[in-house]
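There's a structure below that I have some questions on.
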Amino acid sequence: MASGRKSGEFVILSGSANRGLAEAVCAELHHPLGQCRTERFPDGEVGVEIEESVRGLQVFLIQPTSPPVNDHVVELMALADACRRASAKHVAAVIPYFGYARADRRKNRRIPIMARAVAELLEASGVDQIAALDLHSPQVEGFFQIPVETLTAMPTLAEALRPGLVNDPVIVAPDLGAAERAAALGEKLGCSVAVLAKRRLSGREVEIKSVIGQVEGRHCLIFDDMISTGGTILKAAEALFEAGCRPEIRVVATHAVFRGEVPRRFRAAGITEILVTDTIDNEAARQPGVSRVSVAPLLAEAVGRLVAGESLKDLL
Ligand code: R5P
């Protein structure tokens, strides 16, 4: 934890999306989790109440906008609005997983750019600053007018992988968008990199057009920012097996969105190991065969430095 800060100058509040992670961040900082209440009214509306004074204080709202995405976005807006109306000095939203980030461009005419719309909603609700972890694409940062601190779990995942790193694996990016991320992990671990050319046919369907790089006879480790339905990884594994990779494929991703029976389907497809982080509170990510590494120390370090007004550069 960065030095030079006084406890009591800031408040950390958690929405309902991942209270366990917020508690772990507070434990790292030796700082109590602030008191607030979240509820759903019978008609589905979101209610929040901050149960301690935030007047004149720096407030950190920890809330991944994971499924149910819309509820968690609105809850974060409600918390920010409540803080602003309660005279908080500064409101930072710590968003370990930013839902809608994949909606970052218009693939067809007459569709929205939801990542931008959500950014505007958060700003309008009173958020002054964002700290986000492994945003799906760098351009999402540009959708905000307020400062965005972009963090990555890549070094945390790399350290978790290092002890079991045998047989000189090749790090595989399942699509072109993941290539830069895979290259960074490859550099960190001293491994070579391969990239798959993916085309998305629908929200649930993708196809792999080609494998760029040497995977034949190699151990493959697929690295992505998120696993949602698991369709991307399953197609990637299929393409890698077809290209002659070794039978054991490992998968590493920051965000375990896990819609459907992802771990079971991965095991059935010959994926031997799944490593994710705890950005999302998800029962499916606690199943056998799934290892989780916590991003709480990273988020705590980021919060500590923001409180102390210190640079986050070497955390990026
Ligand atoms: C896409 O560009 C993302 O990085 C992920 O590869 C993808 O969105 C994961 O979704 P699913 O698991 O549903 O294929």
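The values are calculated or read from the model by the stated rules, or taken from the named source; none is laboratory data. The model shown is predicted, which means the values in this text are computed figures rather than measured ones. In this analysis, Cβ positions are derived from the backbone assuming ideal geometry, glycine residues included, and neighbour counts consider all displayed protein chains.
Can you tell me how many residues in the stretch 128-149 are touching a residue at least 24 places away in the same chain (Cβ under 8 Å), of a type outside the set (D, E, K, R) and either within 16 Å of the ligand (Cβ to nearest atom) or over 23 Å from Asp314 (Cβ atoms) (or both)? First the steps, then the outcome.
Of the stretch 128-149, the ones touching a residue at least 24 places away in the same chain (Cβ under 8 Å) are 128-137, 139-140, 143-144, 149.
Subset that is of a type outside the set (D, E, K, R): 129-133, 135-137, 139-140, 143-144.
Retained after the next criterion (residues that are either within 16 Å of the ligand (Cβ to nearest atom) or over 23 Å from Asp314 (Cβ atoms) (or both)): 132-133, 135-137, 139-140, 143.
Residues flagged as touching a residue at least 24 places away in the same chain (Cβ under 8 Å), of a type outside the set (D, E, K, R) and either within 16 Å of the ligand (Cβ to nearest atom) or over 23 Å from Asp314 (Cβ atoms) (or both) within the stretch 128-149 amount to 8.
May I pose another question? Quick check on my filter: what residues within the stretch 238-262 are within 18 Å of the chain's Cα centre (by Cα) and assigned to a helix (DSSP H, G or I)? Let's see the steps before the verdict.
Start the filter on the stretch 238-262 by keeping residues that are within 18 Å of the chain's Cα centre (by Cα), which leaves 251-259, 262.
Residue satisfying the conditions is Val262 alone.
Shifting gears a bit: Looking at (1) at pLDDT 95 or above; (2) over 15 Å from Lys89 (Cβ atoms), find the lone condition where Ser3 falls short.
Among (1) at pLDDT 95 or above; (2) over 15 Å from Lys89 (Cβ atoms), the lone unmet condition for Ser3 is (1).
Also, I was wondering about something else. Can you pull out every residue in the stretch 42-65 that is of a type outside the set (Asp, Glu), more than 25 Å from the chain's Cα centre (by Cα) and not in a strand (DSSP E or B)?
Pro42, Gly44, Ser53, Val54, Arg55, Gly56, Leu57
Here's a follow-up. Hey, Ala173 hits all of (1) in contact with an Asp or Glu (Cβ under 9 Å, 6 or more places away or on another chain); (2) more than 22 Å from Cys220 (Cα to Cα); (3) modelled with pLDDT of 95 or more; (4) within 16 Å of the ligand (Cβ to nearest atom) but one; which does it fall short on?
Unmet for Ala173, out of (1) in contact with an Asp or Glu (Cβ under 9 Å, 6 or more places away or on another chain); (2) more than 22 Å from Cys220 (Cα to Cα); (3) modelled with pLDDT of 95 or more; (4) within 16 Å of the ligand (Cβ to nearest atom): (2).
Looking only at the stretch 244-255, count how many residues are within 15 Å of the ligand (Cβ to nearest atom) and not β-branched (Val, Ile, Thr).
2
Among the listed residues Phe241, Phe258, which satisfies the condition of being farther than 18 Å from Ala179 by Cβ, more than 10 Å from the ligand (Cβ to nearest atom) and among the aromatic types (Phe, Trp, Tyr)? I'd like the intermediate steps shown before the answer.
Numbers: Phe258 fails: more than 10 Å from the ligand (Cβ to nearest atom).
Phe241 is the lone residue from the list that is farther than 18 Å from Ala179 by Cβ, more than 10 Å from the ligand (Cβ to nearest atom) and among the aromatic types (Phe, Trp, Tyr).
A further question follows. Considering only residues of the stretch 203-238 that are within 10 Å of the ligand (Cβ to nearest atom) and among the hydroxyl-bearing types (Ser, Thr, Tyr), which is surrounded by the fewest Cβ atoms within 10 Å (Cβ to Cβ)?
Filtering the stretch 203-238 for residues that are within 10 Å of the ligand (Cβ to nearest atom) and among the hydroxyl-bearing types (Ser, Thr, Tyr), the one surrounded by the fewest Cβ atoms within 10 Å (Cβ to Cβ) comes out as Thr229.
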